[in-house]
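The values are calculated or read from the model by the stated rules, or taken from the named source; none is laboratory data. These figures come from a predicted structure and were not determined experimentally. All Cβ positions, glycine included, derive from the backbone under ideal geometry; neighbour counts span all protein chains shown.
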Amino acid sequence: MIMAGLVTMPILAVLYLAFTPVDDLWPHLVSTVLPGYITTTLILMLGVGTGTLLIGVSTAWLVTMCRFPGRRIFEWGMLLPMAMPAYIIAYVYTDILEFAGPVQGMLRELFGWSSKREYWFPEIRSVGGAIAMMTLVLYPYVYLLARAAFLEQSVGVFEASRSLGRGPWRSFFTVALPLARPGIVIGLSLVLMETLNDFGTVDFFAVNTFSLGIFDVWMNMNNISGAAQLASVMLLFVVLLISAERYARRKQRFYSTSGKYQALPGFQLTGGLGLLATAGCLTPVLLGFVLPTLVLLRYAQLHFDPELALEILEHALNSVRLSVLAGTIAVLIAIVMAYSARINGGRLLLAASRVAAMGYAIPGAVLAVGVLIVLGNLDNGIDTLARRNFGLSTGLIFSGTIAAVTFGYIVRFLALSLGTVEASLAKVTPNMDGASRSLGRGALATMRHVHLPLIRGSVLTAVILVFVDCMKELPMTVILQPFNFQTLATFVHQYASDEQLGEAALAALSIVGVGVVPVILLSLTIAKSRPGHRHGN
C-alpha cells in the first residue's frame, strides 16, 4: 500500500495544483491556446489511430492466416519499427524530404525547377508529417496484439464460416475481426496514449499539442500552475480513452467455442496476390525501420568524430545506468505488490495495484510536473526543518537529480513490470504455495525459493521491457534531468533540433540497437503462443 501510494503521488499532485493554482493562468489559456491544443491533439490522434489500425490489422491477418513469399521473415520483421523512436524517424525524414534534401533536389534537377514556387511538395513539418512518422513506428502495437488474437482463434470457427460459403475475406470481416476486437482495441488504446505522450516529434515539427503546450507554459512562461492545468485536461483525455475502451466492450465476452487448435488454414496467395501481400508487409518495415537505419548508418560513418564518440559513450552509460536502475527497482516493487496481492487477496490491494499502474497511461510531460511538485515540496520541507533545528540549508536533495529521473521512470513504467509479473505469478498453481507452507516455510521464504525461480524468465522480461522504454523516454527526461547530465535521447533531440543529425546519428543508432533484440524475442514468443504450436506451422 505504501508503494502504491508513493507512485500515485505525482498524479495526485498534478490534480491538486491544477485546482489550487497560485497564479490562475486558466482564463488566458482557455481564450488563447487551449482550443488549438485540443483541435491539433484530436486530429493527430485520429490520423495516427486510423493509420495504425489499417496497417496493423491488415498485416497481422496476412502474416497469420495467409501464405506468401517472405511471410516467415515478416512474422518478426513487422515489429522492427517498434525499436525506432518516433522523434528519430522524424529527424531522418525531415533531412531527406525538406527543400534542401536529396528528394526535392533530385526533382528540381530532373524537371529544371529553380525555386519552391515552381512546384508543390508536401510539407514534412506539419500535422500530416507528424501523423505519418508516428504511424510508421506505432503500428506494431496494433499488429502485435491483433496477431496474438488471430493466433489464439480456433480453426472451428473458420471451418464453420467456410462451410456456410464465405471466402477468406468475408470470414475475416465477419468472424476473425469481431473475435480479435478486444486485442485490437487495447493495441489502439496504447497507440493513442503514445501519441498523447509524444514530445520529440511534435516539438521538432512545431505541432502544438498538449505535450508541447505543457512544456511551453512551464519552461517559457515559468508558470507551473498553468502547466498543471493543461496536464489535468490531458489527463481527462487519458481517462476518456480508457473509459471508451471499456465501455465499447461492456457485457461482451469473447470465447473460443472449440478446443480444436490445429494448424491455421493458411490461405495460399500466389501470383499477383502473393506479390501484393509481400509489398504490403514490406512497405511499412522498409519505411519505418530499414531506410531510417541505413540513413543513420551512412550519417554516422560520414560524421564520425572520436571525441564526439567518447561523449556519446558517456551519455550511453548515463542512459544504461538510469534504465537498469529504474528497471530493477520497478521489478522489485512489482514483485512485492503482485505477491502481496496473491497471498493476501482482497479488493483493497487489487485496487491499489491498479491505481499504481496508471502511470503508463499518463504522458511523460504530465508525470514530470507531478514528480517535481512532490520532490520540490519534500526538498522544501527538509530544508525548513534543517534551518529551524540546525541553522543549515540543505538545498535541493532530490529535485534536479538522478533520483528525480529514476522516480519518474518508475512511476511511468511500473505498469509494464507489474503486468508481466502478475501474469507469470497467476500461472503458478496455489498448490505450490500450500506445499511450501506445509513444509514450514513462511511467505518470504516461499517467494524466494518457490515463486522467484519459477517466474525468473518473466522477471527478466519485465526488466528488459522497462529498460528499453527508459532508453527511449524523452519528455520526462528533458524536464527532470540534472544540469550537465544527458542521456542518449536528450542528446539526439538537442543535436537534431539544431539541424545536426549527422552528429546525432551514432547516438540514435545506439537507441535503436538497444530496442531491436527485445522486439525480435517478443515476436518469437508470440509466434509460439498458439496452443498446439509446432515448428514449421
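Applying the condition of being touching a helix residue (DSSP H, G or I) at 6+ places or on another chain (Cβ under 7 Å) and among the hydrophobic types (A, V, I, L, M, F, W, C) to region 380-401 and asking which residue is modelled with the highest pLDDT yields 398. Would you mention how many residues in region 461-510 are among the β-branched types (Val, Ile, Thr) and not assigned by TED's automatic domain parsing to the domain that holds residue 411? Of the residues in region 461-510, 0 are among the β-branched types (Val, Ile, Thr) and not assigned by TED's automatic domain parsing to the domain that holds residue 411.
Inside region 137-170, residues that are buried (at least 17 other Cβ atoms within 10 Å of the Cβ), modelled with pLDDT under 70 and either within 27 Å of residue 516 (Cα to Cα) or of a type in the set (S, T, N, Q) (or both) make up a count of 3. Residues that are modelled with pLDDT under 85, surrounded by fewer than 20 Cβ atoms within 10 Å (Cβ to Cβ) and in a loop (DSSP other than H, G, I, E, B): does region 185-193 have at least one? Scanning region 185-193 turns up no residue that is modelled with pLDDT under 85, surrounded by fewer than 20 Cβ atoms within 10 Å (Cβ to Cβ) and in a loop (DSSP other than H, G, I, E, B). When you scan region 63-123 for helices (runs of 4 or more DSSP H) that lie fully inside it, which ones turn up with 2 or more residues that are free of Cβ contacts under 8 Å to residues at least 40 places away in the same chain? In region 63-123, 71-77, 102-111 are the helices (runs of 4 or more DSSP H) which contain 2 or more residues that are free of Cβ contacts under 8 Å to residues at least 40 places away in the same chain.
Taking into account only those residues within region 279-324 that are in a helix (DSSP H, G or I) and aromatic (Phe, Trp, Tyr), which is surrounded by the most Cβ atoms within 10 Å (Cβ to Cβ)? Restricting to residues being in a helix (DSSP H, G or I) and aromatic (Phe, Trp, Tyr), the top hit is 289. Looking at this structure, is residue 373 under 26 Å from the mean Cα position of the chain (by Cα) and either assigned by TED's automatic domain parsing to the domain that holds residue 434 or in a helix (DSSP H, G or I) (or both)? Judged against the criteria, residue 373 is a match.
Total residues in region 463-508 satisfying the condition of being modelled with pLDDT of 85 or more, farther than 17 Å from residue 413 by Cα, of a type in the set (S, T, N, Q) and assigned to a helix (DSSP H, G or I): the figure is 2.
Given the structure, is residue 208 surrounded by fewer than 20 Cβ atoms within 10 Å (Cβ to Cβ), modelled with pLDDT of 80 or more and more than 19 Å from residue 17 (Cα to Cα)?
When the stated conditions are applied, residue 208 passes them.
Residue 415 meets all of the listed conditions (1) small (Gly, Ala, Ser); (2) touching a Phe, Trp or Tyr at 6+ places or on another chain (Cβ under 7 Å); (3) at pLDDT 85 or above but one, namely (3). Are any residues in region 72-85 crowded, with 19+ Cβ neighbours inside 10 Å and either closer than 13 Å to residue 285 by Cβ or at pLDDT 90 or above (or both), and if so, which ones? Residues satisfying the conditions are 74, 77, 78, 79, 80, 81, 82, 83, 84. Tell me the residue from 532, 513, 536 that is surrounded by fewer than 22 Cβ atoms within 10 Å (Cβ to Cβ), modelled with pLDDT of 80 or more, more than 19 Å from residue 219 (Cα to Cα) and not assigned by TED's automatic domain parsing to the domain that holds residue 324, please. Result: 513 is the single residue among 532, 513, 536 that is surrounded by fewer than 22 Cβ atoms within 10 Å (Cβ to Cβ), modelled with pLDDT of 80 or more, more than 19 Å from residue 219 (Cα to Cα) and not assigned by TED's automatic domain parsing to the domain that holds residue 324. Of all residues in region 18-42, those satisfying the criterion of being among the aliphatic types (A, V, I, L, M) and assigned to a helix (DSSP H, G or I) are 18, 29, 30, 34, 38, 42. Cβ-Cβ distances below 8 Å connect the following pairs, each with a first residue in region 473-484 that is over 14 Å from residue 213 (Cα atoms), a second residue that is surrounded by fewer than 22 Cβ atoms within 10 Å (Cβ to Cβ) and modelled with pLDDT of 85 or more, and a separation of six or more residues or different chains: 474/490; 477/490; 478/490; 481/490; 482/401; 482/402. Within region 355-401, track down each residue that is exposed (fewer than 14 other Cβ atoms within 10 Å of the Cβ) and of a type outside the set (A, V, I, L, M, F, W, C). If the condition is that a residue be exposed (fewer than 14 other Cβ atoms within 10 Å of the Cβ) and of a type outside the set (A, V, I, L, M, F, W, C), then 377, 380, 381, 384, 387, 388, 389, 391, 393, 395 are the ones that fit. Considering region 325-354, the residues that are out of contact with any helix residue (DSSP H, G or I) (no Cβ under 7 Å at 6 or more places or on another chain) and either modelled with pLDDT of 90 or more or in a helix (DSSP H, G or I) (or both) include one that is surrounded by the fewest Cβ atoms within 10 Å (Cβ to Cβ), namely 347.
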